[in-house]
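Visitor: Below you'll find the structure I mean.
The values are calculated or read from the model by the stated rules, or taken from the named source; none is laboratory data. Remember, it's a predicted structure, so these values are computed and weren't measured experimentally. Cβ placement follows ideal geometry from the backbone for every residue including glycine, while neighbour counts extend to all protein chains displayed.
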């Protein structure tokens, strides 16, 4: 069962923290959609019959900038060139300003089952700082509008903005829950290279919050949401029963996925020991030009050595708070026996309250989730 | 060979005062090298030497010179190492000469090493030819510097030659002075062979190549030879003279300088200062002054990657072929695993060995804090020698601890006397004497424990004197001191490689500073790290490295995985260079923490 990711690289304006690939100058999206259809077709020839597609995810960028008929073209292309008999989830990322009732109903009619709503904050000063395209009123209205059409949707929120008062964060979570969001993705603000935010930090105009503050906010988030009936099923993801993101779980379960669109990534494991990752060019014009010349818009491609594959499996499955890292599977499928190789590290982590080791699975505790990368390093290093 | 036509001489100079440049000019003017062959500073053949601008190992070269009187002379230039660690080698090279050119920078004046080497030259009864170099520099003050020199060695300031080795001006006068003022060698070519080894180098194919000066007798190709101190016998399979390369000859007679090759597979058989004689008709006695050089400074060398242990051993074996002063034996550290305790002549020697291991053998090594050799008298009357602080016996069985002392000679512009005296006092120095060399320059003498100067003393000396002070020292024996072992524990586990021996009065201060420094150097980890400094069972300082508070890059979706994996792989590589002490990951720098503490 594979996942497909479609990267729609259009935005109306640039959010300060964002390091995804996007353009803000495009007037028309039609040539891009034609190029992506060609890409879907090309990959369909090679992979279309290998595994049925279980999930489809339109991310960005801002996929909700696409007119309905172009979304329809893309979904049709997937259905035409891949086996979609088992397609169980079609997600589209949406910005609040695009959440009009007509558009929402149109998406639903096209087969979109789930929306991921980029709220980030319900507070005007936070939104201004992030340079989001929506205001506080739109944020709230969007959640209600989406909830009126879709049962299944997620709200993205960011914590740890510089100067963001602690009360704001509590209020943001509170509001998302009160508005009925069945799924929340909560992210700590990360200062990525080559973003306007990184520049402001370098110039000393913005000071990032301390690790201690991030830690408190994250611990609070886990406490708050689980107390309100959400499962903390992945480090950044909380869901009411039955509302997990199937598509994203595919990443953490180390399943195959293909990525279409500029900068999109793919992972395909052909046999137990033969796996590749590749990515597309990070340039809209080149992406379209290559596909027009009937060439794949490839940027990098690597075969992943077995030990790196095992490392990936450890770091990805550790993120799954409930499923955790299955030691028997790691040993049998990836040839790494952590109980032998990392006996002392496992014991240290368990004694320190960062992981639990039960039923042959390693699971992060809440304290462990806060330092998930360091825990992963301890187990792979 | 007509002894009257031979001159054997060396050049004494401080680093950067122009020894190598002057040597280049001499080779050029005597036609020993053509311009085409000329390579800047040809005598320094090791890359490292050239980079550091100092000569580490001595060499020799023979020049043919036609004097203005029309007579042909043979001039043997014997090069000497210029650093305090190699004083003994210098003394042996000087012994092989009859004269020395004393090169002094006309702007900077005379420096400590130059003076100590000058004294060695005077002791060896050499004729000194003082030369002021860089007289063309605007900042040159030839009159003052010439007066300082003649105060030291006698003579008239106007007899001090003035040259610019860079332009070549005045170099012909130097050649003339060598011929006129340096005495020709004396010796009896018919007497039993007596020749001194002033250096040896190891050649992979031919074994140890001995550089020698013949005092008496005649050495012929094929002669059976005996090294009198090591009592090793070989055959002089090839003998020759040293031009730019080696040039074989049939015989070397009294007064000559040359080389001997005799399939000597072990450089330890060809020790500097030993006497070569003919084993069939040996000399009655050796040339006096031979000494077995002993390492003064010790340090643990450990491969960062435990798998490199055998490579480290092989590399040390190879280095030792060329460096008889280097000693090493395997040791084990609970913290660092398998490694070697390596003995060096001094700090420069240690740095050179480390750099060569890194550069020539590509080995990534951890070096522990250097220390000296302690003599420990036990209560049962026995004495033990301790070269590794972690092997210091328990306080209960120690009667007394003795440590090596040195006499330091510091030459400095007079304005820095105060700060330098303060530095010496801080290092447990005992004041000996101050002497003004000229109105602005002072010769300051102190007795200091060697342990106090083995690490950052020289750097401190340079920094408090803005680079102007120079240092030389000689070993003056052992003295009893009130010393204790300072241990470091991480989360309760002692880290043997961090143990040091310190004076009791400084132990609390050092313990606190060491703990603080380690706190800076040990990165935050998943768990709290307790750092303790202790004397025996008594903890005297404690610091805590707080655990990591947050370490997760927020999202991890399809496009993030390879980036994240690569980041972790990079961190994993970084982790490999850390040493695991219990559950604590300790970076290599921490093992030299004391070195970087500074004097603040």
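Visitor: Give the number of residues within segment A:29-48 that are in a loop (DSSP other than H, G, I, E, B) and closer than 10 Å to residue A:81 by Cβ.
Guide: 1
Visitor: Take the residues in segment A:325-355 that are over 27 Å from the mean Cα position of the chain (by Cα) and part of a loop (DSSP other than H, G, I, E, B), then tell me which one is nearest to the other protein chains (Cβ to nearest Cβ).
Guide: In this case the residue turns out to be A:352.
Visitor: For segment B:122-161, give me the residue count where each residue is in a strand (DSSP E or B) and closer than 14 Å to residue B:25 by Cβ.
Guide: Residues that pass the stated criteria total 3.
Visitor: Among the residues of segment B:260-271, is any under 22 Å from residue B:10 (Cα atoms) and not in a strand (DSSP E or B)?
Guide: There is at least one residue in segment B:260-271 that is under 22 Å from residue B:10 (Cα atoms) and not in a strand (DSSP E or B).
Visitor: Residues of segment A:261-293 being farther than 20 Å from residue A:19 by Cβ, assigned to a loop (DSSP other than H, G, I, E, B) and either within 12 Å of chain B (Cβ to nearest Cβ) or modelled with pLDDT of 95 or more (or both), which ones?
Guide: A:293
Visitor: Next question. I'd like to check something: does segment A:170-184 contain any residue that is modelled with pLDDT of 95 or more and closer than 23 Å to residue B:548 by Cβ?
Guide: The answer is no; no qualifying residue exists.
Visitor: Just one of A:241, A:208 is more than 10 Å from chain B (Cβ to nearest Cβ), within 25 Å of residue A:114 (Cβ to Cβ) and without any contact (Cβ under 8 Å) to a residue 60 or more places away in the chain; which is it?
Guide: When all the criteria are applied, what remains is A:241.
Visitor: Of the residues in segment A:356-381, how many are part of a helix (DSSP H, G or I), without any contact (Cβ under 8 Å) to a residue 40 or more places away in the chain and more than 10 Å from chain B (Cβ to nearest Cβ)?
Guide: 0
Visitor: Could you check how many residues of segment A:66-76 are in contact (Cβ under 8 Å) with a residue 12 or more places away in the chain and surrounded by fewer than 21 Cβ atoms within 10 Å (Cβ to Cβ)?
Guide: Final tally of qualifying residues: 5.
Visitor: Additional query: Take the residues of segment A:79-106 that are outside any loop (DSSP other than H, G, I, E, B) and in contact with a strand residue (DSSP E or B) (Cβ under 6 Å, 6 or more places away or on another chain): which is farthest from residue A:61 (Cα to Cα)?
Guide: Result: A:89.
Visitor: Checking residue B:417 against (1) surrounded by fewer than 22 Cβ atoms within 10 Å (Cβ to Cβ); (2) under 23 Å from residue B:294 (Cα atoms), which single condition isn't satisfied?
Guide: Condition not satisfied by residue B:417: (2).
Visitor: A further question follows. Please state which one of A:55, A:100 is within 24 Å of residue A:181 (Cα to Cα) and over 22 Å from the mean Cα position of the chain (by Cα).
Guide: A:100 is the lone residue from the list that is within 24 Å of residue A:181 (Cα to Cα) and over 22 Å from the mean Cα position of the chain (by Cα).
Visitor: Still on this structure: Suppose the filter is out of contact with any strand residue (DSSP E or B) (no Cβ under 7 Å at 6 or more places or on another chain), at pLDDT 95 or above and within 9 Å of chain B (Cβ to nearest Cβ); does residue A:308 pass it?
Guide: Spelling it out, it is not the case that residue A:308 is out of contact with any strand residue (DSSP E or B) (no Cβ under 7 Å at 6 or more places or on another chain), at pLDDT 95 or above and within 9 Å of chain B (Cβ to nearest Cβ).
Visitor: May I ask you to list the residues in segment A:237-256 that are assigned to a strand (DSSP E or B) and surrounded by fewer than 23 Cβ atoms within 10 Å (Cβ to Cβ)?
Guide: Residue satisfying the conditions is A:239 alone.
Okay, residues lined up against (1) closer than 24 Å to residue A:369 by Cα; (2) in a helix (DSSP H, G or I); (3) in contact with a strand residue (DSSP E or B) (Cβ under 7 Å, 6 or more places away or on another chain); (4) within 13 Å of chain B (Cβ to nearest Cβ):
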residue	(1), (2), (3), (4)
A:151	no, no, no, no
A:162	yes, no, no, no
A:169	yes, yes, yes, no
A:174	yes, yes, no, no
A:180	no, no, no, no
A:185	yes, no, yes, yes
A:192	yes, no, no, yes
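Visitor: Suppose we filter segment B:297-356 for residues that are in a strand (DSSP E or B) and either surrounded by 20 or more Cβ atoms within 10 Å (Cβ to Cβ) or at negative phi (or both); how many remain?
Guide: Residues flagged as in a strand (DSSP E or B) and either surrounded by 20 or more Cβ atoms within 10 Å (Cβ to Cβ) or at negative phi (or both) within segment B:297-356 amount to 21.
Visitor: Which residues, taken from segment B:514-530, are in contact (Cβ under 8 Å) with a residue 60 or more places away in the chain and closer than 20 Å to residue B:367 by Cα?
Guide: Once the filter is applied, which keeps residues that are in contact (Cβ under 8 Å) with a residue 60 or more places away in the chain and closer than 20 Å to residue B:367 by Cα, segment B:514-530 yields B:514, B:517, B:518, B:521, B:522, B:523.
Visitor: Something else now. Just to be sure before I move on: is residue A:233 within 14 Å of chain B (Cβ to nearest Cβ), surrounded by 20 or more Cβ atoms within 10 Å (Cβ to Cβ) and either more than 13 Å from the chain's Cα centre (by Cα) or outside any helix (DSSP H, G or I) (or both) in the structure I sent?
Guide: Here the answer is yes, as residue A:233 does meet what is asked.
Visitor: So if I check each of B:554, B:541, which one is touching a strand residue (DSSP E or B) at 6+ places or on another chain (Cβ under 9 Å), free of Cβ contacts under 8 Å to residues at least 40 places away in the same chain and within 14 Å of chain A (Cβ to nearest Cβ)?
Guide: That would be B:554, the only listed residue that is touching a strand residue (DSSP E or B) at 6+ places or on another chain (Cβ under 9 Å), free of Cβ contacts under 8 Å to residues at least 40 places away in the same chain and within 14 Å of chain A (Cβ to nearest Cβ).
Visitor: Would you tally the residues in segment B:365-385 being surrounded by 15 or more Cβ atoms within 10 Å (Cβ to Cβ) and at pLDDT below 95?
Guide: Qualifying residue count for the region: 9.
Visitor: Filter segment B:181-206 down to residues that are in contact with a strand residue (DSSP E or B) (Cβ under 7 Å, 6 or more places away or on another chain) and either more than 19 Å from residue B:78 (Cβ to Cβ) or assigned to a strand (DSSP E or B) (or both), then give me how many there are.
Guide: Residues meeting the conditions: 16.
Visitor: May I pose another question? Any residue in segment B:576-591 that is more than 30 Å from residue B:306 (Cβ to Cβ), more than 14 Å from chain A (Cβ to nearest Cβ) and in contact with a helix residue (DSSP H, G or I) (Cβ under 6 Å, 6 or more places away or on another chain)?
Guide: No, segment B:576-591 contains no residue that is more than 30 Å from residue B:306 (Cβ to Cβ), more than 14 Å from chain A (Cβ to nearest Cβ) and in contact with a helix residue (DSSP H, G or I) (Cβ under 6 Å, 6 or more places away or on another chain).
Conditions (1) surrounded by 17 or more Cβ atoms within 10 Å (Cβ to Cβ); (2) within 30 Å of residue B:136 (Cα to Cα), marked per residue:
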residue	(1), (2)
B:163	yes, yes
B:168	no, yes
B:182	yes, yes
B:209	yes, no
B:212	yes, no
B:232	yes, no
B:253	yes, no
B:258	yes, no
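Visitor: Which numbered condition in (1) outside the structural domain of residue A:74 (by TED's automatic domain parsing); (2) surrounded by fewer than 22 Cβ atoms within 10 Å (Cβ to Cβ) is the only one that residue A:318 fails?
Guide: Residue A:318 satisfies all of (1) outside the structural domain of residue A:74 (by TED's automatic domain parsing); (2) surrounded by fewer than 22 Cβ atoms within 10 Å (Cβ to Cβ) except (2).
Visitor: Of the residues that sit in segment B:557-568 and are more than 7 Å from chain A (Cβ to nearest Cβ) and more than 14 Å from residue A:236 (Cβ to Cβ), which one is surrounded by the most Cβ atoms within 10 Å (Cβ to Cβ)?
Guide: Restricting to residues being more than 7 Å from chain A (Cβ to nearest Cβ) and more than 14 Å from residue A:236 (Cβ to Cβ), the top hit is B:567.
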